[in-house]
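Novice: There's a structure below that I have some questions on.
The values are calculated or read from the model by the stated rules, or taken from the named source; none is laboratory data. Remember, it's a predicted structure, so these values are computed and weren't measured experimentally. Glycine gets a Cβ as well: all are built from the backbone with ideal geometry, and neighbour counts include every protein chain shown.
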Amino acid sequence: MAAMTDNEAAGGGPADSGPAGCGPVAPPGSRGIDEILAAARERLHRLDPARAYEVQRCGGILVDIRPYAQRREAGGIPGAVVVERNHLEWRFDPRCAARLPVADRYDLPIVVVCAEGYTSSLAAAALQDLGLWRATDLRGGFAAWCAAGLPVESVE
């Protein structure tokens, strides 16, 4: 009987390692982040900064999910609802006791904003999974908002 490798002794198997320098072999059925992001974006009608600003002016909810340190350094969007990413689903699920008062229905026009438009795509797809069918995100994130010359406020 062959001796176990350290990987096998730790619960892994010979297939857990790919060819030298290629990293681990992914488990069957798993997806990489690029595939997950692409699938999320297929479901979204992503908005450019001007359209997101128009949606906000017409009563839509811009949700800034960036961490406080990023908002303090770069600024915030006036009138945006700030909910950091790790609380988002609980604050916007109309069924949840921890929801925000504004999250009282499923047809809310929500535009999620992150720094550059990656995390916001995943977050908007998660809101759609909750039934918030109008949730989407800002293409290019806060960086695109700033580049478009739209209003920014300081965050203390």
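Novice: Restricting to segment 51-87, what's the tally of residues that are among the hydrophobic types (A, V, I, L, M, F, W, C), in a helix (DSSP H, G or I) and under 28 Å from ASP104 (Cβ atoms)?
Specialist: Of segment 51-87, the ones among the hydrophobic types (A, V, I, L, M, F, W, C) are 52, 55, 58, 61-63, 65, 69, 74, 77, 80-83.
Adding the requirement that they be in a helix (DSSP H, G or I) leaves 52, 55, 69, 74.
Among the residues that remain, those that are also under 28 Å from ASP104 (Cβ atoms) are: 52, 55.
Counting residues in segment 51-87 that are among the hydrophobic types (A, V, I, L, M, F, W, C), in a helix (DSSP H, G or I) and under 28 Å from ASP104 (Cβ atoms) gives 2.
Novice: Across segment 111-137, what is the total count of residues that are closer than 13 Å to PRO94 by Cβ and touching a Ser or Thr at 6+ places or on another chain (Cβ under 8 Å)?
Specialist: 0
Novice: Given the conditions (1) surrounded by fewer than 20 Cβ atoms within 10 Å (Cβ to Cβ); (2) touching a strand residue (DSSP E or B) at 6+ places or on another chain (Cβ under 8 Å); (3) within 25 Å of LEU37 (Cα to Cα); (4) not β-branched (Val, Ile, Thr), report the number of the one that TYR106 does not fulfil.
Specialist: It fails just one condition, (2).
Novice: Another question, if that's okay. For segment 100-112, does any single residue satisfy the condition of being without any contact (Cβ under 8 Å) to a residue 12 or more places away in the chain and in contact with a His (Cβ under 9 Å, 6 or more places away or on another chain)? Spell out how you get there, then give the answer.
Specialist: Keep residues of segment 100-112 that are without any contact (Cβ under 8 Å) to a residue 12 or more places away in the chain, which gives 101, 104-105.
Keeping just the survivors that are in contact with a His (Cβ under 9 Å, 6 or more places away or on another chain) gives none.
Among the residues of segment 100-112, not one is without any contact (Cβ under 8 Å) to a residue 12 or more places away in the chain and in contact with a His (Cβ under 9 Å, 6 or more places away or on another chain), which makes the answer no.
Novice: When you check TYR68 against the structure, is it of a type in the set (Phe, Trp, Tyr), out of contact with any strand residue (DSSP E or B) (no Cβ under 6 Å at 6 or more places or on another chain), modelled with pLDDT of 95 or more and surrounded by 17 or more Cβ atoms within 10 Å (Cβ to Cβ), yes or no?
Specialist: Details: of a type in the set (Phe, Trp, Tyr): yes; out of contact with any strand residue (DSSP E or B) (no Cβ under 6 Å at 6 or more places or on another chain): yes; modelled with pLDDT of 95 or more: yes; surrounded by 17 or more Cβ atoms within 10 Å (Cβ to Cβ): no.
For TYR68, the condition - of a type in the set (Phe, Trp, Tyr), out of contact with any strand residue (DSSP E or B) (no Cβ under 6 Å at 6 or more places or on another chain), modelled with pLDDT of 95 or more and surrounded by 17 or more Cβ atoms within 10 Å (Cβ to Cβ) - is not met.
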